[in-house]
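One structure is given below, encoded as structure tokens.
Every number here is computed from the coordinates shown, using simple stated rules; none is lab data. Owing to the predicted nature of the structure, the values given are computational and were not obtained by experimental measurement. Ideal geometry is used to build each Cβ from the backbone, glycine not excepted, and the neighbour counts take in all protein chains shown.
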Amino acid sequence: MSLLDMAAALVTAVLAGTGIGGGGLYVIWLTSVRSMAQSTAQCINLLFFLSAAAAALPFHVKSKRLPLKFIIPCALLGTVGTLFGGNLRGMIDENTLRMLFGILLILAGIRSFFAGNRQKTTKREDVSRD
Amino acid sequence: MNKVLLSAVLLGTALAGGAVNGLLGTGGGIIFTYFFKYLEKRGMTDKGSAFPSAMAVILPISLISFTTYAAAWDMTLPFILRLAIPSAAGGLAGAYLSSRVKPVILERVFSALVIYAGARMIF
């Protein structure tokens, strides 16, 4: 892990911490710039995300009341899902995995683009209401 | 909202979010964020709790997912620390910034970059 990799982790973690995204970007860095295999990049990305999200979560929670009655079953059932996904990954070749990741990025990008659009519209409506 | 329907939506969301995370190492958070926004819209959870709720769900799932990846890979402690320290610092800085600025332009640039990178991965 070079200094440049650490700097890339720092920058993408800022994006992850704001809630814009960033986990996907670090995989892009590792696969495109560092020429890593997709599955290795995904593994490193998980470690990156765990560190960034664990540090950011207390800030985001603050005084908010989290709905534990939904969070706990989601986490438990999600664990079952992640074990299934992990097994599925073992059966898929690197190219297909890369392609599926590409599809996920496009969908995430479109969602993120329109989420920004919606925020802007809501803000404008609020201003016009005032 | 009908309890059976809510349970079905929760079951589907959790399994799908977990599976995507296990398969691709990311992406589950998007699915959970949608689910918690859906609950928020219906007044079933507090306003503004969707993102931290999704984060609280995806953290343990990512940890499990990470163990399935790391089992096949020899990761040393210095490597983990060299990645974890800047990532945690960045995450903290991002969370601090998010309460002070609404990065709509940054979000647009990020979206365009992600769409371009996704297209490059496919074609």
Check your understanding: Any idea what the alpha-carbon Rg over 2.2 N^0.38 Å comes to for chain B?
Key -> 1.25
Exercise for review: Using only the Cα atoms of chain A, construct the convex hull and provide its projected area averaged over every direction, in square nanometres to one decimal.
Suggested key: 10.5
Exercise for review: Per residue of segment B:109-119, in order, report the coupling 6.51 cos²θ - 1.76 cosθ + 1.60 (Karplus, θ = phi - 60°) as ³J(HN,Hα) in whole Hz, putting x for Gly and Pro.
Suggested key: 4, 4, 4, 4, 5, 5, 5, 4, 5, x, 5
Check your understanding: What trypsin sites (Lys or Arg not before Pro) in segment A:13-110 are in a loop by DSSP, with at most 14 other Cβ atoms within 10 Å of the Cβ?
Key -> A:LYS62, A:ARG65
Study note, to complete from the structure: Loop-resident chymotrypsin sites (Phe, Trp or Tyr not before Pro) in segment B:15-115 with no more than 10 other Cβ atoms inside 10 Å, DSSP not H/G/I/E/B, are B:TRP73
Review point. In whole percent, what relative contact order does segment A:3-129 give with Cα contacts below 8 Å and a gap of six or more residues?
Key: 21
Study note, to complete from the structure: Note: segment B:74-123, point scatterers on Cα, Debye, no solvent; log10 I/I(0) at q = 0.26 Å⁻¹ equals -0.88
Review point. Hey, what's the per residue convex hull volume over the C-alpha atoms of segment A:1-74, in cubic angstrom?
Key: 96
Study note, to complete from the structure: For chain B, longest principal axis from Cα atoms; helix B:77-98 axis from its Cα atoms; angle between them, nearest 10 degrees, is 40
Practice item. For segment A:47-60, just list the computed ³J(HN,Hα) in residue order, Karplus coefficients 6.51, -1.76 and 1.60, θ = phi - 60°, integers in Hz, with x standing in for Gly and Pro. Key: 5, 4, 5, 4, 5, 5, 5, 4, 6, 7, 3, x, 5, 6
Point to revise | Degrees separating the helix A:68-91 axis from the principal Cα axis of chain A, which is the longest one | key: 30
Revision key, fill the gap. Ordered by number, the trypsin sites (Lys or Arg not before Pro) in segment B:31-122 that occupy a DSSP loop and have at most 11 other Cβ atoms within 10 Å are B:ARG42, B:LYS47, B:ARG100
**Study point:** Test item: Cα-centred dipole of chain A, Lys/Arg +1 and Asp/Glu -1 on Cβ, debye
**Key:** 520
Check your understanding: By how many degrees, between 0 and 90 and to the nearest 10, does the Cα long axis of helix B:50-70 differ from the longest principal axis of chain B?
Key -> 40
Check your understanding: In whole Å, what is the distance between the alpha-carbon centres of segment B:11-46 and segment A:28-54?
Key -> 21
Check your understanding: Based on the Cα atoms of segment B:1-73, what semi-axes does the equivalent ellipsoid have, where each is the square root of 5 times one gyration tensor eigenvalue, given in whole Å with the largest first?
Key -> 26, 13, 8
Exercise for review: Go ahead and run the numbers for FRET between B:ALA70 and B:ARG100, Cβ-Cβ distance against an R0 of 41 Å, rounding to 0.05.
Suggested key: 0.70
Review point. For the protein assembly as shown, what number results from the quotient of the Cα radius of gyration and 2.2 N^0.38 Å?
Key: 0.97
